[in-house]
Structure formats: structure tokens, C-alpha cells
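The values are calculated or read from the model by the stated rules, or taken from the named source; none is laboratory data. If you're wondering where the values come from, they're calculated on a predicted model, not measured in any experiment. Cβ: placed from backbone, ideal geometry, glycine included. Neighbour counts: every protein chain shown.
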Amino acid sequence: MAFATGHLQENPLPPGVVGALTLSGYQLLVDVGGVGAGRIGQQIFLLAAPDPDATGTVQMTHIALHQQRLTDESDALAYQQLAAQLGYLRLSGYRVALERSGLRSKLNLVNPASGAVALQVPDRHPGRLFGAGGSVRALLGAARTLPPAGPPPDLQNPELLRQTLLALALGDESTTGAEAAELADRALTLFQRDSTLAPQAALEAARQQ
């Protein structure tokens, strides 16, 4: 299923979960393929819409990798990049399976070709002391090594193409979320004018404008 841009904005966390986690009024930092990053003060986390059930209904948004105190501001960018990479992998064919753990959830990225879990994101950030293998940066590195699960997203679908461009733009550490959205819009216009452009080439051309 292709999640439209803005899905997580339109389908926020249920009030009970928000209240219990004291996350009322969180800021949505990025939303790609139904995966996002959110923040309130020093708390930061991943958000994910589960794959639809047998009736086609999308259940409530889940929270994963919840870090209650962000000690390094540069990690906020890593959260955005991880959400964008997970969203991109989902657009390429991976399934997102969410395993409830109290009010939070573990996020399993499943390769549909084998049914195996390619990457698991814990419900809580393990912190600096125990987080060597499960920190946001380690997870980002692992996610970037995963190959697409299937063919690239349908580039003839403007919505899927924009989300793909947004995910690629957010992969650049020098690009903020707002700049990435503007770049994706400009690159989409360029691609629609010249469909022979590869998405990355369209982004580079948009940067030169």
C-alpha cells in the first residue's frame, strides 16, 4: 500500500497513547511512506502506520524507538533520515510489521520475498550505555545497506515519485526537512518535464536551480 504524503499528519497518535507518554503536541518532523519521526521537547521517536488489515483498514499509528531525553541534537537529524530510509524501503516493497510492547511498538521490516525480518527497530532507544548496536545511527547504517525488496516505486505515479524524491533528499545530512520538501517539489516538476531523468539526477538538477 502506498501511504499518501501527510498520512501521519492526518492520522496522529490516539489521545490515550499521547497522554500516557506525555507527548501531547508533538511535532511531526518527516512523513515518508507511512513512516515518520516526531518530537516534543527533548523526547524523540519514530512513528509508523501499520500495513492495512484484511479488510483494507489501516489501524492506529504506532510509536517506536522512543528516546525520552535527546542528549545530542545531531541525533534528531538521524531520526529523520532513518524514518525516510524506512519509508523508502517500504515503497520498494518491504512490509512494516509492528509488534506492540506496552504503549510503544517494535518495528519489524520484513522482506516479502523470504518472509524474514531484515531489520528490527526496538520500542525504546537503548541509550548511550547499551545502545552500540541499537542506536539510531547504527540502525540508520543498517537500513542503508538493505537492497530494495522489489522493483523501484512506480515513477509514473506522482505521489509515489514525490515520496521517493523526499526520501532521497532527506538522506543528505546537509538538507533540513523543509529544504528536502522544497527540493522534492522542484525535482518532481523537472522529472515531469523530462521523464528520462533518474530521481537522483532530478534532485541534483533541483539543487542547482
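With respect to (1) touching a strand residue (DSSP E or B) at 6+ places or on another chain (Cβ under 6 Å); (2) assigned to a loop (DSSP other than H, G, I, E, B), the lone exception for Ala149 is condition (1). Looking at Arg193 and the list (1) closer than 20 Å to Leu47 by Cβ; (2) modelled with pLDDT of 85 or more, which single condition is not satisfied? In the conditions (1) closer than 20 Å to Leu47 by Cβ; (2) modelled with pLDDT of 85 or more, Arg193 misses (1) alone. Answer yes or no: is there a residue in segment 36-45 that is in contact with a Phe, Trp or Tyr (Cβ under 7 Å, 6 or more places away or on another chain) and closer than 14 Å to Ala180 by Cβ. Yes: segment 36-45 contains one or more residues that are in contact with a Phe, Trp or Tyr (Cβ under 7 Å, 6 or more places away or on another chain) and closer than 14 Å to Ala180 by Cβ. Residue-level check: of (1) part of a loop (DSSP other than H, G, I, E, B); (2) on the phi > 0 side of the Ramachandran plot; (3) touching a residue at least 12 places away in the same chain (Cβ under 8 Å), Asp51 misses just (2). Candidates are the residues of segment 79-106 that are touching a His at 6+ places or on another chain (Cβ under 8 Å) and not aliphatic (A, V, I, L, M); the one that is farthest from Ala149 (Cα to Cα) is Arg104.
Considering only residues that are part of a loop (DSSP other than H, G, I, E, B) and surrounded by 14 or more Cβ atoms within 10 Å (Cβ to Cβ), look in segment 152-175 and name the one that is modelled with the lowest pLDDT.
Start the filter on segment 152-175 by keeping residues that are part of a loop (DSSP other than H, G, I, E, B), which leaves 152-157, 171-175.
Within this subset, residues satisfying the condition of being surrounded by 14 or more Cβ atoms within 10 Å (Cβ to Cβ) are 152-153, 155, 171-172, 175.
Numbers: Pro152: 63, Pro153: 66, Leu155: 73, Gly171: 83, Asp172: 80, Thr175: 80.
The qualifying residue modelled with the lowest pLDDT is Pro152.
Please specify each residue of segment 56-109 satisfying the condition of being surrounded by 22 or more Cβ atoms within 10 Å (Cβ to Cβ), part of a strand (DSSP E or B) and of a type in the set (S, T, N, Q). Those that are surrounded by 22 or more Cβ atoms within 10 Å (Cβ to Cβ), part of a strand (DSSP E or B) and of a type in the set (S, T, N, Q): Gln67, Ser105.
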